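Working notes, beginning with the structure itself.
The values are calculated or read from the model by the stated rules, or taken from the named source; none is laboratory data. The model shown is predicted, which means the values in this text are computed figures rather than measured ones. Cβ placement follows ideal geometry from the backbone for every residue including glycine, while neighbour counts extend to all protein chains displayed.
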Amino acid sequence: MSTTAVRGAADSSAAAPAGSLPFHSAATKRIESFGVVGAGLMASQLVLLVAEKLRVPVVISDISANRVADAIKGIRERLSRQEARGRLASGEAAEISALIRGSTNPAEFSACDAAIEAVFEDLRVKRTVFRQLEESVAPDALLLTNTSSLSVESMARGLAHPERVLGFHFFNPVAVLPLLELVRTPFASDDAVLAASVLAARLGKTAVQVADTPGFVVNRILTRIFSEILAEIDRGSDPDAVDRALEPWGLPMTPLNLIGYIGPSVQRHICDTLHRAYPNRFRRSSSLDAVVKAGLPGFFDENGEVRPVARVLPSEPHGTNLEHVRRRVREGLAEEVQLMLDEGVVATSADIDRCMTLGANFPPGGLSHLT
């Protein structure tokens, strides 16, 4: 399957603001130093991936020195476990650990040839991060975001060099899932896209170019599934039964278990982003809101039972028709795939199948055998 460029990508020289310099980073330019902003789970995984695959210095930064210290400690512990299990040669854990250092000072990124932000999904926060990065890094350094659903163009807008800002969306766990959604904005230059594509390959990832639209591919498809499933639960259907309705499709997790893995509050944020963009297809869910409001880690308790707060009592009790649920989700996915193709999010339906297989661990064929 091809990783064909998104249709209609704008010419970067026309999109760049007056007075800006073009991004000149030939793909042959080697990344000699890398920066990661953020010290959470994804940021820590990115630091480990870059240090292990590129074997270059990596700086991890956060506003909290304690979070940085905890992140580095966790990274070194994971390296030690890998070496103990024979996944790294003797001495490699120490060699890789020595490449990683922490900081709370954005100026520490001055030597970085590329930097990625993996902070909280808040557009204002991310724009602040990019403004600080631009003051520190060289004009030809790549600026990347690991956002899962926010507008990359909005993050780049107003920068002196928006042509070098791209979405670089990894999937959790980073070491396992091979997909990378490479998000191109109207500002982005061909040189920046090429340099990012080469970087993705060096990191062992399969990059699929996607348009800068809410949720990109994987999260948009997953959230459409969640939207249909949660709508059934919100109308009073039994959550257990609804959750099991898609089992014949052989997906890696049931929808409610996957929401628990992603994190209810994270998924609600993605749901809200897509609801604002497409309110008629992506609905807000009272049951998901209840789980998030209660501060719960998911719909199920430690015994695998649906938590009472997640159950909606119907005004008139009714059974759950599993075939109806499957048909509802199937029709929703068919609609979403066609709309994504019409919008030019990707070039072909094969690209969507590829994203779902490599990024969400769907069975071979992706959505083709479901829609």
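Please enumerate the residues belonging to the stretch 111-153 that are of a type in the set (Ser, Thr, Tyr) and surrounded by 15 or more Cβ atoms within 10 Å (Cβ to Cβ). Reasoning before the result, please.
In the first step, residues of the stretch 111-153 are kept if they are of a type in the set (Ser, Thr, Tyr); the result is 128, 136, 145, 147-149, 151.
Listed by number, the residues that qualify are SER136, THR145, THR147, SER148, SER149, SER151.
Take the conditions surrounded by fewer than 24 Cβ atoms within 10 Å (Cβ to Cβ), among the hydrophobic types (A, V, I, L, M, F, W, C) and assigned by TED's automatic domain parsing to the domain that holds ASP140 and apply them to ALA201. Does it pass?
Values: surrounded by fewer than 24 Cβ atoms within 10 Å (Cβ to Cβ): yes; among the hydrophobic types (A, V, I, L, M, F, W, C): yes; assigned by TED's automatic domain parsing to the domain that holds ASP140: yes.
Spelling it out, ALA201 is indeed surrounded by fewer than 24 Cβ atoms within 10 Å (Cβ to Cβ), among the hydrophobic types (A, V, I, L, M, F, W, C) and assigned by TED's automatic domain parsing to the domain that holds ASP140.
Name the single residue, out of those in the stretch 337-371 being among the polar types (S, T, N, Q) and part of a helix (DSSP H, G or I), that is nearest to PHE171 (Cα to Cα). Spell out the reasoning first.
Filtering the stretch 337-371 down to residues among the polar types (S, T, N, Q) leaves 338, 348-349, 357, 361, 368, 371.
Of the ones still in play, those that are also part of a helix (DSSP H, G or I) are 338, 349, 357.
Numbers: GLN338: 24, SER349: 20, THR357: 12 Å.
It comes out as THR357.
Could you pull out the residue among ALA141, ALA195, ALA207 that is among the small types (Gly, Ala, Ser) and either under 19 Å from the mean Cα position of the chain (by Cα) or more than 20 Å from LYS53 (Cα to Cα) (or both)?
Details: ALA141 fails: either under 19 Å from the mean Cα position of the chain (by Cα) or more than 20 Å from LYS53 (Cα to Cα) (or both); ALA195 fails: either under 19 Å from the mean Cα position of the chain (by Cα) or more than 20 Å from LYS53 (Cα to Cα) (or both).
Matching residue, one of ALA141, ALA195, ALA207: ALA207.
Hey, any hits in the stretch 99-108 for a residue that's small (Gly, Ala, Ser), modelled with pLDDT of 95 or more and touching a strand residue (DSSP E or B) at 6+ places or on another chain (Cβ under 8 Å)?
Of the stretch 99-108, the ones small (Gly, Ala, Ser) are 102-103, 107.
Right, trim to modelled with pLDDT of 95 or more and you get 102-103.
Adding the requirement that they be touching a strand residue (DSSP E or B) at 6+ places or on another chain (Cβ under 8 Å) leaves 102-103.
The answer is yes; a qualifying residue exists.
Looking only at the stretch 213-228, which residues are surrounded by 24 or more Cβ atoms within 10 Å (Cβ to Cβ) and outside any helix (DSSP H, G or I)?
Listed by number, the residues that qualify are GLY215, PHE216, VAL217.
Within the stretch 166-179, can one find any residue that is under 16 Å from the mean Cα position of the chain (by Cα), in a loop (DSSP other than H, G, I, E, B) and on the phi > 0 side of the Ramachandran plot?
Checked the stretch 166-179: no residue is under 16 Å from the mean Cα position of the chain (by Cα), in a loop (DSSP other than H, G, I, E, B) and on the phi > 0 side of the Ramachandran plot.
Looking at (1) surrounded by fewer than 19 Cβ atoms within 10 Å (Cβ to Cβ); (2) in contact with a helix residue (DSSP H, G or I) (Cβ under 7 Å, 6 or more places away or on another chain), which is the only condition ARG157 fails?
(2)
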